[in-house]
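Shown next, in structure tokens, is the structure this report addresses.
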Amino acid sequence: MSNKAEETLSKSTDSASLARAVERSAELEKEIDKDPSRFRMLTGDRPTGHLHLGHYFGTIKNRVEQQQRGIETWQLIADYQVITDRDGVGPLRERVLSLLTDYIAAGMNPESATIFTHSAVPALNQLMLPFLSLVTESELHRNPTVKAELDATDGRAMSGLLLTYPVHQAADILFCRANIVPVGQDQLPHLEQARVIANRFDRRYGRADKDKPVFRRPEALLSNASHVLGLDGEKMSKSRGNTIELRMSADETAKRLKRAKTDADRVITYDPVKRPEVSNLLLMASMACGESPEAIAEQIGDGGGGALKARVTEDLNTMLAPIRARRAELVENEDYLLEVLRKGNERANEVANETLSDVLTAMNMKYY
Ligand code: TRP
């Protein structure tokens with residue numbers, strides 16, 4: 001999502017519902033510790049570019065850890081969503097494969113994860129039809145994400161797909177009966193929309209067996225990941241050229257970091273409010289090496305921006321080295337990547353067909 005979209009959204013989740021979501025997420029953490037096998041996690045990304053450290057520290061690392069905890073992982077490459085707010089799809093095949101490569105290189109285990117694309121799962125998309133009948137036009141116009149994303153397109157007309165994409169996203173979550181979706185606060189309205197659709201479907205087409213609703217109710221797992229900024233102290237985003245992408249070489253990383261913004265004070269301290277750029281570099285080093293940002297600042301002392309950059313470069317390159325090595329191997333093996341995707345799509349289709357069959361049964365549309 002764009003910067004502007006996120007700003008509008010974070011203002012829109014009221015503090016009471018946010019507090020509830022935070023509390024519930026903490027409970028979920030405990031339940032996961034007790035029995036991770038009860039959980040199926042779905043996450044999605046639009047294939048619009050290459051993954052960078054903002055994605056990695058903000059969510060990908062967390063997803064990998066959830067998978068390692070024993071949660072079943074479903075990973076959507078949301079290719080149909082690319083056309084919600086832009087005309088063309090761009091070099092989509094390349095981007096889908098790059099995203100898949102980043103996932104696996106970052107540690108997602110493709111043996112147990114189901115990694116799939118929208119476009120390969122017809123039954124998922126077919127859920128849009130009954131789901132659209134369960135939401136109103138004004139409700140969609142009021143949806144904070146839709147509003148925010150429209151604002152961010154700078155004057156573009158609202159397309160039918162942009163207006164209804166929260167419904168499509170609900171289909172992503174509900175078709176596979178995911179019960180947890182790791183999200184940032186800005187994505188809470190999406191989950192609410194998915195739950196509302198599930199409730200309305202079950203109320204309208206409720207089965208005789210009330211204990212067995214057609215859909216599960218997905219819940220948000222709020223991540224406590226720190227958000228790193230770009231190298232200029234602004235939000236990390238491809239369009240600003242302030243990112244470090246997972247696929248970059250160690251040299252490119254060093255070059256980018258040399259250009260990073262710091263300030264005139266040679267004594268390095270961690271003070272995110274007064275010294276956002278310096279603190280951001282400390283935070284990156286901290287996330288990469290595991291020491292606290294304050295401790296790293298102390299070690300650098302009065303070494304200035306140069307010493308700070310040297311330290312961040314080393315820590316990031318050390319952390320990224322194995323990811324990059326795996327990435328380089330994967331890039332050479334497109335057949336393997338396609339096989340992972342084919343298997344993921346096959347599994348997603350099996351589950352989507354089952355869910356659609358249940359939906360059609362509930363709607364009296366099963367004729368034979
Ligand atoms: N909307 C998300 C994004 O812009 C991608 C996405 C699509 C998604 N479907 C999803 C995320 C379902 C979570 C759950 O990045």
Of the candidates 161, 188, 100, the one satisfying the condition of being within 13 Å of the ligand (Cβ to nearest atom) and either in a strand (DSSP E or B) or crowded, with 20+ Cβ neighbours inside 10 Å (or both) is 188
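Of the residues 256, 203, only one is charged (D, E, K, R) and closer than 30 Å to residue 354 by Cα; which? Let's see the steps before the verdict.
Working: 256 fails: closer than 30 Å to residue 354 by Cα.
Result of the check over 256, 203: 203.
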Among (1) more than 16 Å from the ligand (Cβ to nearest atom); (2) over 23 Å from residue 176 (Cα atoms), residue 85 falls short only on (1)
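Considering only the range 38-97, state which residues are among the acidic types (Asp, Glu) and either free of Cβ contacts under 8 Å to residues at least 12 places away in the same chain or part of a helix (DSSP H, G or I) (or both).
The first filter runs over the range 38-97 and keeps only residues among the acidic types (Asp, Glu), leaving 45, 65, 72, 79, 85, 87, 94.
Within the range 38-97, 65, 87, 94 meet the criteria.
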Cβ pairs under 8 Å, 6+ apart or interchain, first in the range 171-199 and modelled with pLDDT under 95, second outside any helix (DSSP H, G or I) and of a type in the set (Asp, Glu), ordered by first then second residue, are 191/219
Taking the range 38-52 and keeping residues at pLDDT below 95 and either among the polar types (S, T, N, Q) or away from the ligand (no atom under 15 Å from the Cβ) (or both) leaves 48
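Take the residues in the range 43-70 that are of a type in the set (A, V, I, L, M) and buried (at least 21 other Cβ atoms within 10 Å of the Cβ), then tell me which one is farthest from residue 286 (Cα to Cα). Show your work before the answer.
First, pick out the residues of the range 43-70 that are of a type in the set (A, V, I, L, M): 51, 53, 60, 64.
Within this subset, residues satisfying the condition of being buried (at least 21 other Cβ atoms within 10 Å of the Cβ) are 51, 53, 60.
Working: 51: 20, 53: 13, 60: 17 Å.
Filtering first and then ranking leaves 51.
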From the option list 249, 226, single residue qualifying as more than 25 Å from residue 131 (Cβ to Cβ), surrounded by fewer than 17 Cβ atoms within 10 Å (Cβ to Cβ) and modelled with pLDDT under 95 is 226
Filter the range 121-139 for residues that are without any contact (Cβ under 8 Å) to a residue 24 or more places away in the chain and not in a helix (DSSP H, G or I); the one that is surrounded by the fewest Cβ atoms within 10 Å (Cβ to Cβ) is 136
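The values are calculated or read from the model by the stated rules, or taken from the named source; none is laboratory data. Bear in mind the structure is a predicted one, so any value in this text is a computation, not a measurement. When we count neighbours, we look across all protein chains shown, and the Cβ atoms used for this are built from the backbone with ideal geometry, even at glycine.
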